[in-house]
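Novice: The structure under discussion is supplied below as structure tokens; questions concerning it will follow.
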Amino acid sequence: MDHFLYRDGALYAEDVPISEIAAAVGTPFYVYSTATLLRHFKLFDDALDGMDHLVCYAMKAASNQAILKTLAQAGAGMDVVSGGEYQRAKAAGVPGEKIVFSGVGKTADEIRAALTGGIRQFNVESEPEMEVINAVALELGMVAPITVRVNPDVDAKTHAKIATGKSENKFGIPISRASEVYARAASLPGLEVIGIDVHIGSQLTELEPFELAYTKVAELTEQLRAEGHNIRRLDLGGGLGIPYTRSNDAPPLPVEYGALIKKTLGHLGCEIEIEPGRLIAGNAGLMVSRVIYVKSGEDRDFLILDGAMNDLIRPAMYEAYHDIVAVQEPKAGVEQQPYDIVGPVCESGDTFAKGRNMPPLEPGDLIAFRSAGAYGAVMASEYNSRPLIPEVLVHEDQFAVIRERPSFDEIINRDTIPTWL
Ligand code: LLP
């Protein structure tokens with residue numbers, strides 16, 4: 001459920017008409033709903049009720065300061081994967097003890113900054129990285145809390161580019177080698193082993209892969225405890241999928257996911273961490289764009305928008321489906337017609353949808369891409385020298401620009417000219 005609904009024939013974000021935001025900030029833009037963000041966070045938090053737990057929002061999904069602050073104030077921790085994300089989390093007021101540092105290639109500088117600024121734990125992804133974390137901790141006279149990310153060799157049954165839990169993927173250490181790696185970790189004086197981490201992929205639409213992975217984590221917990229390690233925290237990653245279409249086969253709900261966690265891992269008495277990103281932010285955001293031209297091709301009509309692949313890359317990159325709706329609600333009974341919906345970038349890949357049925361649209365009409373809150377704005381670029389599009393946050397009947405659209409001068413002035421020119 002989200003808070004983008006039609007009222008009297010017009011699409012609203014909570015209590016604000018989308019057309020009012022478009023008039024104020026211009027198009028294209030991203031808009032997020034505070035109520036939806038909070039609702040989704042709470043679904044996870046409630047799903048783990050009764051267990052010692054922390055929901056660490058995977059901020060790679062949408063990392064605007066205002067979004068982070070909204071979630072942090074509700075009690076969320078953060079999962080970060082770079083020095084930049086760590087700084088963003090701190091700047092939004094998240095205390096170090098609620099920040100988890102994931103990611104396959106943490107540099108010594110990033111590790112140093114996190115240790116100095118405070119960190120809940122590092123999720124170690126390889127043995128060389130473990131050695132570096134140890135060395136940096138010793139250099140600072142500190143002890144770094146760690147989990148080791150194990151790769152359970154489970155098929156997440158999702159798009160190949162976002163599956164991470166098979167042995168051919170670059171993530172974690174093979175679960176078969178865990179014993180050896182934990183023994184090495186325990187011998188390093190700069191590290192304190194506190195638990196196990198796993199993340200098998202994103203946009204999972206079934207519980208079965210989670211069940212396979214978490215069952216392996218439960219067995220590993222008992223094995224490592226028997227080997228003398230004090231395993232007391234389990235980080236279970238993110239990955240629960242969202243409905244991108246309006247069909248009935250929606251992915252499992254957070255409450256079902258929570259029940260699975262309790263079933264597979266509840267008996268171990270560990271503190272549980274999860275790192276959802278997409279489910280918190282995905283359906284809490286729209287990308288709004290305007291039709292510039294309707295062009296009749298030989299065998300099809302094109303809707304040419306002012307938004308493009310640089311603003312929302314998911315369709316071009318993952319063949320992702322986004323529901324696209326007219327901001328002015330189509331009149332009942334109006335006949336839909338197929339359009340190829342494209343942006344102005346000079347690549348055929350700049351296509352959002354082919355043969356998509358839409359009500360008849362005209363230049364100037366507003367349309368909205370649904371489920372664009374996660375991996376939308378954060379993956380945008382300025383390709384074709386198109387400015388990064390603004391982000392807007394709605395809270396009941398108020399809205400605020402939470403990132404401005406840069407001017408052309410600001411973009412150009414980021415470049416510097418060498419003295420010989
Ligand atoms: N934890 C780790 C270690 C991750 O790598 C990820 C996502 C998450 C948590 C959050 O997963 P989520 O709950 O959002 O599924 N750009 C792609 C998705 C990339 C996901 C990368 N890792 C897309 O647009 O579909």
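The values are calculated or read from the model by the stated rules, or taken from the named source; none is laboratory data. Small disclaimer: the values here were computed from a predicted structure and weren't measured. Counting neighbours? That spans all protein chains shown, and the Cβs are built from the backbone with ideal geometry, glycine included. The area values use the complete protein model at the heavy-atom level, side chains included, leaving out ligands, DNA and RNA. Shrake-Rupley method; radii C 1.70, N 1.55, O 1.52, S 1.80 Å.
Novice: Gap in Å between the Cα centre of region 194-257 and the Cα centre of region 344-416?
Specialist: Here the two parts' Cα centres lie 33 Å apart.
Novice: Now for a different question. Could you pull out every residue, at least 5 positions away or on a different chain, whose amide H is within less than 5 Å of the one on TYR12? Hs are placed 1.01 Å off N in the peptide plane, and Pro or chain starts have none.
Specialist: LEU5, TYR6, ARG7, ILE18
Novice: Based on Cα coordinates alone, diagonalise the gyration tensor for the chain, multiply each eigenvalue by 5, take square roots, and list the semi-axes in whole Å, largest first.
Specialist: Value: 40, 24, 20 Å, ordered largest first.
Novice: Accessible area of region 34-280 with a 1.4 Å probe: how many percent of it is carbon plus sulfur?
Specialist: After summing per-atom areas, the C and S share lands at 53 percent.
Novice: Over region 34-280, what is the percentage of antiparallel beta bridges among all DSSP beta bridges, to the nearest 5?
Specialist: Working: 1 of 30 bridges.
Here the share of antiparallel DSSP bridges comes out near 5 percent.
Novice: Mind scanning LYS60/LYS106; LYS60/LYS170; LYS216/LYS263; LYS60/LYS263; LYS90/LYS161; LYS106/LYS170 and naming the pairs with a C-alpha gap bigger than 21 Å?
Specialist: Listed pairs above 21 Å: LYS60/LYS263; LYS90/LYS161.
Novice: Let me ask another. Counting only heavy atoms of protein chains, what accessible area per residue, in Å², does region 34-280 have with a probe of 1.4 Å?
Specialist: 38 Å²
Novice: Quick one: what are the phi-derived ³J(HN,Hα) couplings along region 39-47, Karplus 6.51/-1.76/1.60 with θ = phi - 60°, whole Hz, x for glycine and proline?
Specialist: Here the 3J(HN,Hα) series is 4, 5, 4, 5, 4, 5, 4, 5, 5 Hz.
Novice: Determine the sum of side-chain charges near THR116: Lys and Arg each +1, Asp and Glu each -1, restricted to other residues whose C-beta is under 15 angstrom from that of THR116.
Specialist: Summing Lys and Arg as +1 and Asp and Glu as -1 gives 0.
Novice: When ranked by the protection proxy of mean other Cβ atoms within 10 Å per residue, highest first, what sequence do the peptides 119-125, 133-139, 2-8, 333-339 form?
Specialist: Per-residue mean Cβ counts within 10 Å order the peptides as 119-125, 133-139, 2-8, 333-339.
Novice: Also, I was wondering about something else. Considering only protein heavy atoms, what per residue accessible area in square angstrom results for region 336-421 with a 1.4 angstrom probe?
Specialist: 56 Å²
Novice: Now, a different point. Summing -39500 (n - 2.57) over the DSSP H runs of n ≥ 4 in the chain and dividing by its residue number, what mean residue ellipticity at 222 nm do you reach, to the nearest 500 deg cm²/dmol?
Specialist: Dividing the helical sum by the residues of the chain leaves -8500 deg cm²/dmol.
Novice: Who wins for biggest fluctuation among GLY282, GLY141, GLY238 in a Gaussian network model of the chain, springs between alpha carbons below 10 Å?
Specialist: GLY141
Novice: When Rg is the radius of gyration of the Cα atoms in region 34-280 and Rh is its Kirkwood radius, what does Rg/Rh come to?
Specialist: 0.94
Novice: Once the Cα gyration tensor of region 270-421 is diagonalised, what are the square roots of 5 times its eigenvalues, in whole Å and ordered largest first, as equivalent ellipsoid semi-axes?
Specialist: 28, 24, 16
Novice: Under 13 Å from the Cβ of ALA24, count the other residues' Cβ atoms, weight Lys and Arg +1, Asp and Glu -1, and hand me the total.
Specialist: Combined, the nearby Lys, Arg, Asp and Glu give -1.
Novice: From the backbone phi of region 78-95, what are the Karplus-calculated ³J(HN,Hα) couplings (6.51 cos²θ - 1.76 cosθ + 1.60, θ = phi - 60°) in whole Hz, Gly and Pro given as x?
Specialist: Taking θ as phi minus 60°, the curve returns 10, 9, 10, 10, 7, x, x, 5, 4, 4, 4, 4, 5, 5, 7, x, 7, x Hz for region 78-95.
Novice: Please list, ordered by chain and number, the residues whose modelled amide H lies under 5 Å from the amide H of MET309; skip anything fewer than 5 residues away on the same chain.
Specialist: HN-HN under 5 Å from MET309: GLY343, VAL345.
Novice: What is the packing order of peptides 283-293, 44-54, taking the mean over residues of other C-beta atoms within 10 Å and listing the highest first?
Specialist: Final packing ranking: 283-293, 44-54.
Novice: In a shell of Cβ-Cβ distance under 15 Å around TYR339, excluding TYR339 itself, what net charge do Lys and Arg (+1) and Asp and Glu (-1) give?
Specialist: On the way: positive: ARG290, LYS295, ARG300, LYS354, ARG356; negative: GLU298, ASP299, ASP301, ASP323, GLU335, ASP340, ASP350, GLU362, ASP365.
Its environment carries a net charge of -4.
Novice: For region 179-193, just list the computed ³J(HN,Hα) in residue order, Karplus coefficients 6.51, -1.76 and 1.60, θ = phi - 60°, integers in Hz, with x standing in for Gly and Pro.
Specialist: After applying 6.51 cos²θ - 1.76 cosθ + 1.60, I find 3, 4, 5, 5, 4, 5, 4, 5, 7, 8, x, x, 10, 10, 7 Hz.
Novice: Please list, ordered by chain and number, the residues whose modelled amide H lies under 5 Å from the amide H of ASP197; skip anything fewer than 5 residues away on the same chain.
Specialist: So ASP197 has HN proximity to VAL148, ARG149, VAL150, ASP235.
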